[in-house]
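Quick notes on the structure that follows.
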Protein chains: 2
Amino acid sequence: MRDFTFFNPTKIIFGKEVQKVVGEETKKHGKKVLLHYGGGHIKTSGLYDEVIDLMRKAGVDTIELGNVVPNPRLTLVREGIKLCRKEGVDFILAVGGGSVIDSAKAIAAGVLYSGDVWDFFTGTAVPDQVLPVGVILTIPAAGSETSPGSVITDWENGNKRDCDMLRPVFAILNPELTFTLPPYQTACGASDIMAHIMERYFTRVSNVDLTDRLCEATLKTVINNVHKVLNDPYDYDARANIMWAGTIAHNDLLSTGRIADWASHMIQHELSAINDVAHGAGLSVIFPAWMKYVLKSDVSRFVQFSVRVWNVEQSFDNPEKTAVEGIERMEAFFRSIGLPTRLGEIDIRESDYERIISNCKRFDGDSVGNYVKLSCGDIRRILELAQ
Amino acid sequence: MRDFTFFNPTKIIFGKEVQKVVGEETKKHGKKVLLHYGGGHIKTSGLYDEVIDLMRKAGVDTIELGNVVPNPRLTLVREGIKLCRKEGVDFILAVGGGSVIDSAKAIAAGVLYSGDVWDFFTGTAVPDQVLPVGVILTIPAAGSETSPGSVITDWENGNKRDCDMLRPVFAILNPELTFTLPPYQTACGASDIMAHIMERYFTRVSNVDLTDRLCEATLKTVINNVHKVLNDPYDYDARANIMWAGTIAHNDLLSTGRIADWASHMIQHELSAINDVAHGAGLSVIFPAWMKYVLKSDVSRFVQFSVRVWNVEQSFDNPEKTAVEGIERMEAFFRSIGLPTRLGEIDIRESDYERIISNCKRFDGDSVGNYVKLSCGDIRRILELAQ
């Protein structure tokens, strides 16, 4: 096990109707709030009106900025920063999923910074002073509600990059708010959550029994509950298990003492930067291909993954067979919940490969990933396996 | 799943040599520190000198109070409170195991309170203003390094009581510091950790898949690593897995969305109050007896426990057989690591039962526990099963 520091001070408020406390919680941290959100869903659902009303009752002055889109845009972040400076905003409330939260974090980090916020994403500056951010989560997927990370796309230049900025001060998690999430988005969320766990699970650090098992526990929970919510979108407990698993998957507990991989995420980011594919859908394509490619370098770990997560009966005389069967079950699972597993399904063509590969390399140095350090040739082979 | 709030802001600093940061971490929170510790072990090991030196280098003024004993005493807590007031202490550093940390928390809560600190334990007052507490952990067991709880014994009146007071601001966890822990204390620690998980595991709240699996993962990790450290006390990774499991077991993550039981802990506290038995040893006696007694009220949960935690092959036509086998394996496990499983082994006699039962009832109202609400008669039957 490796040395680590774990500090996750986000206050989680979880359960039915818990958004009712948003005014009082916000008041502890700020007086002038930017309400940041995405499309019209929170308006049609009534959540927008509820939040505005709760803020008013708590005596918190609120301005707003909507229109965050999936793969959130640098242009909107810059607009948000300008707005916050002009209006003297001292707290940002993100109401939505990972895109809204990531956008809110970037704004919160940019407001008090004299340079351009993209500096944080290119690594030429590090966030120092940030505004506090609070969250009402409506899509369990990105884990951004307690993670420090933010992923922003500079659409003009086709670059999607991440940066650790800040952890929200509170995260309000009401599984009821996810009842109306469409099946495809629910499935994409599950894929994203699973990917966060698997990036951490596949490690070269040995003797990490506890986090191995915690990863397996969280993965199995997601796998076992996704079909339940697809069958019955109003299954509160299944929604709740997935929502809490989504937070645990990415709050850094599962990587304590380990070195995580992140190659599949890196490659996926470049797919999204090309054609705006949903993050979870890109991951359900890339992860199986990545596994098939790296499998032989560490068969025993894939055997453990197959047996413990996918209930594969172990072929003791043929570990590779066991390992492959786990990956096949994962692919079948993704297909069963309506997700793509091939690049063609998400409109990525062979002519895109060079750009994907060169972007991966441009930002991530000589190699991508930690579990297996991938060269340009390796990434090409993975893309070919995903064809 | 039940609604919950989860807020655990203790900064965990985990790994080899991490105690080196204690001066700098302390300096962030206080200027005048009470170093609180137990017996002479930290002096013979060199840890005491190292801490004093690090505090001096960080420019932190340090006074000390040692002599904390297992089942820490109210008398020493009162002495610590007086000392802190006299010396203007603004931070307490606990170096030791759960007893030292619990004693430190009680002092930290008492210093700024005008009444007597025992008021918190009898429930006549609630801790409001507290001094910050930091921890260097030397015994993985109680989980007090990130939990809010403190358990103190009023020895004069034979009462052992707990109270939620504060979570430490930082916890320094170096598994190397546990290399010299004797086998019996190592085993008692494991039993304590397992009990913290099992108190949460046995719940009537349904559809708590995620926390069920997280509990099982943490339990299996402890079970699989205890023999490793008993065979080789210097097995760093095994010590590390147990140490981190001990924290996870009691930081409240595993009870999110659940109602925990705590009956076995309640009964055990009364055993310790009678004859100062080690907490983990009392638990390895009480828990199997409690399980045997409540088993029939919820066989399916014990089947899950047997199959998932103890790898019992399920008798599909005889669930109770499967359930009993899990409990038997747990008892055999406790014996295999040198722990008692019968009251006679810890010098509790039938003549003590009345006092145990009446103390349980005096402080815990009409019934003890949540999974099954135990009457006086139930507690007597459990004690008889532990004979």
* Asked: Quick one: helix A:74-87 against the long Cα principal axis of chain A, what's the angle to the nearest 10°, folded into 0 to 90?
  -> 20
* Put a dot 7 Å past each Cα toward the Cβ at B:Asn311 and A:Asp116; how far apart are the dots in nm? -> 5.8
* **Over chain A, relative contact order from alpha-carbon pairs under 8 Å, at least 6 apart, %** => 15
* Suppose R0 equals 45 Å; then what is the FRET efficiency for B:Glu384 and A:Asp90 from their Cβ-Cβ distance, rounded to the nearest 0.05? -> 0.10
* Structure fact -> At R0 = 30 Å the Cβ-Cβ FRET efficiency linking A:Arg329 and A:Ile259, nearest 0.05, sits at 0.70
* Where chymotrypsin sites (Phe, Trp or Tyr not before Pro) in DSSP loops with at most 12 other Cβ within 10 Å are excluded, longest remaining stretch of chain B -> B:1-233
* Structure fact -> Per its Cα gyration tensor (rounded if a/c is under 1.5, else prolate when a/b beats b/c, else oblate), the protein assembly as shown is best filed as prolate
* Asked: Distance in nm between label sites at A:Lys28 and B:Asn224, each 7 Å beyond Cα in the beta-carbon direction?
  -> 3.8
* Using 1/(1 + (r/R0)^6) with R0 = 22 angstrom and r between the beta carbons of B:Ser297 and B:Asn318, what's the FRET efficiency to the nearest 0.05? -> 0.80
* **Cα shape, the range B:316-387, gyration tensor, a/c 1.5 rule** => oblate
* To do: For the pairs A:Lys28/A:Lys57; B:Lys16/B:Lys220; B:Lys20/B:Lys220; A:Lys292/A:Lys373, note any where the Cα-Cα span goes beyond 22 Å.
  => B:Lys16/B:Lys220; B:Lys20/B:Lys220
* **Cα-projected label distance for B:Glu17 with A:Glu354, points at 7 Å along beta-carbon direction, nm** => 4.9
* To do: Measure nothing but the geometry: give the 0 to 90° angle between the long axis through the Cα atoms of B:47-57 and the longest principal axis through the Cα atoms of chain B, rounded to 10°.
  => 40
* Check cross-link reach from A:Lys27 to the aspartates and glutamates: straight Cα distance under 13 Å, and skip same-chain residues fewer than eight apart. => A:Asp61, A:Asp90
* With everything on Cα atoms, drop me the angle between helix A:183-201 and the longest principal axis of chain A, reported from 0 to 90° to the nearest 10. => 70
* What GluC sites (Glu not before Pro) in the range A:302-387 are in a loop by DSSP, with at most 13 other Cβ atoms within 10 Å of the Cβ? -> A:Glu313
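Every number in this text was worked out from the coordinates using simple rules, so none of it is lab data. Note that the coordinates shown come from a computational prediction; the quantities given were computed from them, not determined experimentally. FYI the Cβ positions are ideal-geometry reconstructions off the backbone, even for glycines, and counts take in every protein chain you see.
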